Amino acid sequence: MWGALILGLLFLAGAVFNVFFRPEPDLANASVGLGIFVCLLAVFMFLRVAERKNEEFLAWILANARAIQAGGARFGAALVTPTTVLTRYQAALSFLIVTFKIPSRVYFNGAPARSTFPYF
């Protein structure tokens with residue numbers, strides 16, 4: 001996650017250098033660098049929001065551990081029991097020599113994707 005921000009800041013620094021510190025400004029390269037920075041900043045923000053939601057879900061599981069063990073607790077429309085199977089997928093986003101693994105939201109196996117888990 002932080003790698004996307006650091007790499008984006010490097011592209012931003014390159015764009016600033018191309019505009020202000022070259023004898024003749026190179027606006028084409030600066031525009032590309034700025035565009036890459038914006039894309040990497042968006043990836044960073046997306047990953048940060050997803051991580052925060054994941055931490056909140058894990059905190060909910062810890063707070064409701066006794067209720068889950070005792071038979072189940074409702075999370076939205078889904079009943080979470082000790083036998084509930086939760087699944088997360090990963091996507092890989094590669095950029096030049098850097099690869100980011102992007103986790104999906106948590107899915108409850110055997111339940112409709114949107115109606116039972118509106119949190120993610």
> Which of the residues that make up segment 35-59 are farther than 18 Å from V98 by Cα and surrounded by 15 or more Cβ atoms within 10 Å (Cβ to Cβ)?
Replying inline: A50, N54, F57
> Within segment 2-13, how many residues turn out to be free of Cβ contacts under 8 Å to residues at least 24 places away in the same chain and buried (at least 16 other Cβ atoms within 10 Å of the Cβ)?
Replying inline: 0
>> Within segment 39-50, does at least one residue satisfy the condition of being among the charged types (D, E, K, R) and without any contact (Cβ under 8 Å) to a residue 12 or more places away in the chain?
In response: no
> Among the residues of segment 60-92, how many are free of Cβ contacts under 8 Å to residues at least 40 places away in the same chain, on the phi > 0 side of the Ramachandran plot and surrounded by 11 or more Cβ atoms within 10 Å (Cβ to Cβ)?
Replying inline: 1
>> If the requirement is being within 28 Å of L10 (Cβ to Cβ) and either in contact with a Pro (Cβ under 8 Å, 6 or more places away or on another chain) or of a type outside the set (V, I, T) (or both), which of these qualifies: R74, R52?
In response: R52
> So, of the residues in segment 78-97 that are assigned to a strand (DSSP E or B) and farther than 15 Å from L47 by Cα, which turns out to be modelled with the lowest pLDDT?
Replying inline: F95
>> Need pairs with beta-carbon distance below 6 Å; first residue surrounded by 10 or more Cβ atoms within 10 Å (Cβ to Cβ) and within segment 14-27, second among the small types (G, A, S); sequence gap 6+ or separate chains.
In response: G14/G33; A15/A30; A15/G33; N18/A30; V19/A30
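The values are calculated or read from the model by the stated rules, or taken from the named source; none is laboratory data. Just so it is clear, the model here is predicted, and its values are computed rather than measured. In this analysis, Cβ positions are derived from the backbone assuming ideal geometry, glycine residues included, and neighbour counts consider all displayed protein chains.
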